[in-house]
Amino acid sequence: MDRSILEGDPHSILEAMAICGYCIGATKGLIYIRAEYPLAIRRLKIAIAQAREYGLLGEHIFGTGFSFDITLKYGAGAFVCGEETALIHSMEGKRGEPSNKPPFPAQSGYMGKPTNVNNVETLANIPVIILKGAEWFSSIGTERSKGTKVFALAGKINNVGLIEVPMGITLREIIYEIGGGIKNGKKFKAVQTGGPSGGCLTEKHLDTPIDYESLTAAGSMMGSGGMIVLDEDDCMVSVAKFYLGFIVEESCGKCAPCRIGNKRLHETLGRITAGKGMQEDIEKLRNLGSVIKDTSLCGLGQTSPNPVLSTLDNFMDEYLEHVHDKKCRSGQCRDLLYYVISENDCIGCMACKRVCPTHAISGEKKEAHVINQGICIKCGACMEKCQFDAISLMN
Amino acid sequence: MIELTIDNKKIEVEEGTTILKAARKAGVEIPTLCHFELCDMGIENKPGGCRICVVEVEGRRNLAPSCMTEAQNGMVVHTHNIRVLNARTTVLKLIISDHPFDCLVCAKSGQCELQSLAIQFGIRSQPYEGEQSRYRKDTSPSIIREVDKCIMCRRCEMMCNEVQTVGALAAVNRGFMSVVAPAFEMNLEDSPCTYCGQCVSVCPTGALTEVDHTNDIIRALSDPAKTVVVQTAPAVRAALGEEFGLPPGTLVTGKMVSALRELGFDYIFDTDFSADLTIMEEGTELLQRLQRHLEGDPEVRLPILTSCCPGWVSFFEHNFPDLLDVPSTAKSPQQMFGAIAKSYFAEKIGVNRKDMIVVSIMPCLAKKYECQRDEFKVDGNPDVDYSISTRELAAFIKQANIDFLNLPEGNFDDPLGESSGAGVIFGNTGGVIEAACRTAYELYTGKRLEKVDFHALRGMEGIRSATVDFDGLPLHIGIAHGLGNARKLLNDVRAGKSQYHAIEIMACPGGCIGGGGQPYHHGDSEILSKRIAAIYTEDERKVIRKSHENPSIIRLYDEYLGKPGSHKAHHLLHTEYFPKSNEVTFNLM
């Protein structure tokens, strides 16, 4: 959504940065933006040129003693470079990895100078607060989370897209009123909020007012404002594995718990979804997840186990099914599916038997065939070959 | 001062103290892994990456890395409750899960800090089995990189970039595949690496080790057709004893000689001898340049820079290719020894140079590279065949089952084993220039130098300057140890701002006593100070303290070389330097 703001209203950010510079006595503003956002970059450049032309940026703004200018710094899209110290290192031309705080950027930031780091959405609120006043802004939202929040609504929902809602709105309002309910009339299962290192909220959270505090208390977070709706067809173990896969890709590698721990979490989830999980794997996930949260260097590692921990909290039954019954109720885990031949539909043509690479199918001509599940490698060749729809995939 | 509580102990510390240091003050030892410090030299590595030193701070959401969290007034810290111990053990098991299990054959076994932690934590199982990060093994003339064993502590990176300013090593790749390597994971040999070996000296695991030449030497020793000659560098005798449990700073010169004799070397000589020879050549060059400078010759360049240190030579070839005429052309003592051994000495004992093997025992890893340089070969035959480190010699002695501690005190052989105190102090920062002053003073003034100890030139500060009175001529001397400090002095030389007549540079912090081939100090800078003191003790014990008074040196010039700077001396004892590129050159195919 930050990209949308930069593309749609770049001047709001420039104005907010100038106001910020005026407040803290800064003369230099930097926008760190992914090089993969060419449209946002183009529009920002146009806006900066316009602002300079109007005397809104540059030397002696409005004829005052205040001077402020903005330059763009391009990033290569590393997720961790959203963490402010990593962002600053990247801007300085160093490896994009975080460092310990303190010192906070406000003490020693870009090139060792005191630096105020804010994200696009925060800044976009500033001009309107200045215009309409703090009281107006405070009138929206909850006691501790003021104003509005933009969410990127996605997943199994009828209306996807960016929504701006007042803080304190419930998940039910977002999903069923704004989002128009679950696609194809399916049953709501969970909503994943806060981006890849957020957590999953379930039916029991549907009527919780959404603000920073309540999301954290529920084991998730506001994070990037991502909101992905999941329905009954989604496997929660696979969902956790998917997000951990992203984290493993995006860990910078600086601290051991994030670098190795998330890899091990991902591998363990891989074993469980492949039907090779054991009860101790669940204990391992929980201990590892909490240690990674407790010991990681930056916000990425401190939140990365959230998808695992929150699904363990809310969907333990699915984990247990995967581990003990080797069953994935939503049929998402391919390794847990098995092929069966319907006794009624099979005419005993032997086509499947001939094509099976592991000789897992037995049966005489014109008699119903049977698949030996211990030998079957689930390649699907038999189902493809069967002309009588006698073979199906079961979970 | 602030007051905090660590494990129920109240303790007062100065503001700005980390929890780790406060705990140590309170007698509470917190285990660390990536943290590394040589406190006397202002060298500290604390990226906060390993997370082994985490502690619980009451009121804080997550655990705090004690190495980089500052103590606050009223803080209550727990260093070993269940939460902390579980976190530490889990993180250690994670690190081990991405580490090869080849401790039995690892070069670092017994010295590995990861292994020590595993023992300390009582790790008996590996619950987090999974993929291990694998990398190409990289062998250079001096250093082997086996970065499967890299734990991303970043100590080598800090040494290479912040202390040495060489810039050969940095973290590359992301996430699980992160590792410290030269840019684009090119070979170390193609990088600006100087082989100073400081990365090896701080690596906690076996990721960075030296190239081991012990087997080549065993082969040479067992070949009856070969005459095997060994030379030992000054700094070795002040550190070798540590490998046999002796306290740091114990001099083991005599035992070292006896051990080498037991190992079967035919002639045991001393690099201190060729250090004296270096002084004769370098000191003469200094005086000649100084004389011309004082006479107003605009072509002569001052300051003159010492050239004994091969890491330093590589460094200026890489980084100051425009200043190649500034360093002395004198070869290093190792190479002077090799050149003399395979000419003067070989002729004396009637051995063909091809049948002579010259081995050097060095505190240094760059020496391995130096002896392989083409300019130090005659028809492909190197002046020095193999250079092994203090550590390799210790391992060799242990392998040969020699009872080192009970060896008699042996004596070096003649004629290349006799040395002055000036040759000994080559091992310390400031030692080469002090040795040069002892000789240059007498040659320049024609007077006898009564007080040979130049205390102004000694010390541990990274950059030192002193003025030595040459009977009315104030000789300005600069000293730098650590290549980062050298760079500062060289930048001044390049800018024409340097006021010095002579500058001594040693690549390693502390000089050769802190070389990359010395016994591991594990961050204890007191070990370095004790080695320095031992070297000065050895100097004081010597009857002859000045290089030009070494009778074997006098005889060498009389019988063979003529006088310092002669044509023959130049041919055998001087070298030239070559510009090297710092550009990244790698083949994409």
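Taken together, the values in this text are just the output of simple stated rules run on the coordinates, not laboratory data. Please read all numbers here as calculations on a predicted model, not as lab measurements. Cβ placement follows ideal geometry from the backbone for every residue including glycine, while neighbour counts extend to all protein chains displayed.
Cβ crowding within 10 Å, taken as a proxy for footprinting-reagent exposure, orders B:H548, A:H369, B:H570 from fewest neighbours to most as B:H570, B:H548, A:H369. About its Cα centre, the protein assembly as shown has a charge dipole of approximately 1580 debye under the convention of +1 per Lys or Arg Cβ and -1 per Asp or Glu Cβ, with nothing else charged. For the range B:481-510 versus the range A:84-125, the inter-centroid distance based on Cα atoms is 35 Å.
Our Cα-only numbers for the range A:212-264 put the radius of gyration and Dmax at 13.4, 38 Å.
Taking every alpha-carbon pair in chain A and binning the separations at 20 Å intervals from zero gives 23, 46, 23, 7, 1 percent. Between A:E135 and A:A76, what's the calculated FRET efficiency when r is the beta-carbon distance and R0 is 51 Å? Round to 0.05. Calculated transfer efficiency: 0.75.
By the gyration tensor of its Cα atoms, with a ≥ b ≥ c the square roots of the eigenvalues, what is the shape of the range B:2-80: rounded for a/c under 1.5, prolate for a/b over b/c, or oblate?
On the way: a/c = 1.80, a/b = 1.29, b/c = 1.40.
It is oblate, given that a/c is not under 1.5 and a/b is not larger than b/c.
Using the crude model of +1 on Lys and Arg Cβ and -1 on Asp and Glu Cβ, and no other charge, please compute the dipole size for the range B:215-573 relative to its Cα centre, in debye to 20. Please report the intermediate quantities before stating the final value.
Details: 38 positive and 49 negative charges, 67 e Å.
Dipole of the range B:215-573, to the nearest 20 debye: 320 debye.
Seen from all sides and averaged, what is the projected area of the convex hull of the Cα atoms in the range A:27-106, in nm²?
Numbers: hull surface 24.3 nm².
Computing the convex hull of the Cα atoms and averaging its projections yields 6.1 nm².
Remark: the range B:297-311, residue by residue, has Karplus-estimated 3J(HN,Hα) of 5, x, 7, 7, 9, 10, x, 8, 10, 5, 9, 7, 9, x, x Hz, where x stands for each Gly or Pro and the curve is 6.51 cos²θ - 1.76 cosθ + 1.60 at θ = phi - 60°. Here the range B:140-200 has an Rg and Dmax of 10.6, 30 Å, counting Cα atoms alone.
Structural descriptor for chain A: relative contact order 10 percent, calculated from alpha carbon pairs under 8 angstrom and at least 6 residues apart.
For the range B:313-419, the Cα-based Rg and Dmax, in that order, read 16.5, 52 Å.
Computed from backbone phi, the HN-Hα couplings of the range B:61-75 come to 5, 10, 6, 10, x, 6, 5, 10, 9, 6, 5, 10, 4, x, 4 Hz, rounded to whole numbers (Karplus: 6.51 cos²θ - 1.76 cosθ + 1.60, θ = phi - 60°; Gly and Pro given as x).
Please identify every one of the GluC sites (Glu not before Pro) in the range A:1-108 that sits in a loop by DSSP and has no more than 15 other beta carbons within 10 Å of its own beta carbon.
Working: sites: A:E7, A:E15, A:E36, A:E53, A:E59, A:E83, A:E84, A:E92; in loops: A:E36, A:E59, A:E83, A:E92.
Within the range A:1-108, the qualifying GluC sites (Glu not before Pro) (loop, at most 15 other Cβ atoms within 10 Å) are A:E36, A:E59, A:E92.
In order along the range B:168-178, the phi-based Karplus estimate (6.51 cos²θ - 1.76 cosθ + 1.60, θ = phi - 60°) of 3J(HN,Hα) comes to 8, 10, 7, 5, 10, 6, 10, x, 4, 8, 4 Hz; Gly and Pro are listed as x.
Would you tell me the mean number of C-beta atoms belonging to other protein chains that fall within 10 Å of each C-beta in B:90-103, as a whole number?
Values: counts 10, 11, 1, 5, 13, 5, 1, 5, 5, 1, 0, 0, 0, 0.
Taking the mean over all residues of the peptide, I get 4.
Of A:M394, A:M278, B:M186, the sequence from fewest to most neighbouring Cβ atoms within 10 angstrom is A:M394, A:M278, B:M186. For B:Q164, nonlocal amide neighbours, meaning residues 5 or more places apart or on other chains whose placed amide H falls under 5 Å from its own, are B:G484.
Report, in debye and to the nearest 20, how large the dipole of the range B:413-474 comes out about its Cα centre when Lys and Arg carry +1 and Asp and Glu carry -1 on their Cβ. Can you show the working numbers first?
Details: 6 positive and 10 negative charges, 53 e Å.
In total the dipole reaches around 260 debye.
Distance from the Cα centroid of the range B:51-129 to that of the range B:225-271 is 39 Å (rounded to whole angstrom). Take B:8-14, A:317-323 and order them by the average number of nearby Cβ atoms within 10 Å per residue, most first; the result is A:317-323, B:8-14.
Determine the sum of side-chain charges near B:G565: Lys and Arg each +1, Asp and Glu each -1, restricted to other residues whose C-beta is under 15 angstrom from that of B:G565. Before the final figure, lay out the partial values.
Working: positive: B:R289, B:R292, B:K331, B:K563, B:K568; negative: B:E281, B:E282, B:E285.
Result for the local shell: +2.
Grouping the Cα pair distances of the range B:215-573 into 20 Å bins from zero gives a pair-distance distribution of 32, 60, 8, 0 percent in increasing distance order.
Can you sort B:M158, B:M256, A:M221 from fewest to most other Cβ atoms within 10 Å of each residue's own Cβ?
Neighbour counts put them in this order, fewest first: A:M221, B:M158, B:M256.
To one decimal place, what Kirkwood hydrodynamic radius in Å is obtained for the range B:227-315 from all pairs of distinct Cα atoms? After inverting the mean inverse Cα-Cα distance, the result is 16.0 Å.
What are the trypsin sites (Lys or Arg not before Pro) within the range B:108-174 that DSSP puts in a loop, where the Cβ has at most 13 other Cβ atoms within 10 Å? For trypsin sites (Lys or Arg not before Pro) across the range B:108-174 that sit outside H, G, I, E and B with at most 13 neighbouring Cβ atoms in 10 Å, the list reads B:R124, B:R134, B:R136, B:K137.
Shape summary: the range B:96-211 maps onto an equivalent ellipsoid whose semi-axes, from the alpha-carbon gyration tensor, are 24, 15, 13 Å in decreasing order.
Classify the range A:241-323 as rounded, prolate or oblate, taking a ≥ b ≥ c as the square roots of the eigenvalues of its Cα gyration tensor: rounded when a/c is under 1.5, otherwise prolate if a/b is larger than b/c and oblate if not. Prolate shape, in that a/c is at least 1.5 and a/b is the bigger ratio.
Counting, for every residue in B:146-154, the Cβ atoms of other protein chains within 10 Å of its Cβ and taking the mean gives 1. The sum of -39500 (n - 2.57) across all DSSP H runs of n ≥ 4, divided by the residue count of the protein assembly as shown, sets its helix-only mean residue ellipticity at 222 nm to -9500 deg cm²/dmol. With the convex hull of its Cα atoms as the shape, the range A:65-138 has an orientation-averaged projected area of 6.9 nm². Efficiency by 1/(1 + (r/R0)^6): what FRET value for B:N173 and B:R292, r their Cβ-Cβ distance, R0 = 45 Å, to the nearest 0.05? So, using R0 = 45 Å, E works out to roughly 0.25. Put a dot 7 Å past the Cα of A:C379, heading toward its Cβ, do the same for B:I123, and the two dots end up 4.1 nm apart.
So, by mean Cβ neighbours within 10 angstrom, what's the order for B:509-517, B:276-284 with the highest one leading?
Values: B:509-517: 30.2, B:276-284: 28.3.
Going from most to least packed, we get B:509-517, B:276-284.
What average count of beta carbons from other chains do you get within 10 Å of the Cβ of residues in B:129-140? Don't jump to the answer; show the numbers that get you there.
On the way: counts 2, 9, 4, 1, 4, 0, 0, 0, 0, 0, 0, 0.
Per-residue shielding by partner chains comes out at 2.
Computed on the Cα atoms alone, the convex hull of the range A:321-395 gives a volume of 88 cubic angstrom per residue.
What number, in nm² with one decimal, is the all-direction average of the projected area of the convex hull of the alpha-carbon atoms of the range B:399-483?
Numbers: hull surface 36.4 nm².
If I average the Cα hull's projected area over directions, I get 9.1 nm².
Put simply, the amide H of B:S387, placed in the peptide plane, has neighbours under 5 Å in B:S360, leaving out anything fewer than 5 places away on its chain.
Using just the C-alpha positions of the range B:96-163 as equal point scatterers, what log10 of I(q)/I(0) does the Debye formula give at each q in 0.16, 0.24 1/Å? With no solvent term, the Cα-only Debye profile gives -0.68, -1.33. Dimensions of the protein assembly as shown based on its C-alpha atoms, expressed as ranges along the principal axes with the largest first, amount to 106, 91, 59 Å.
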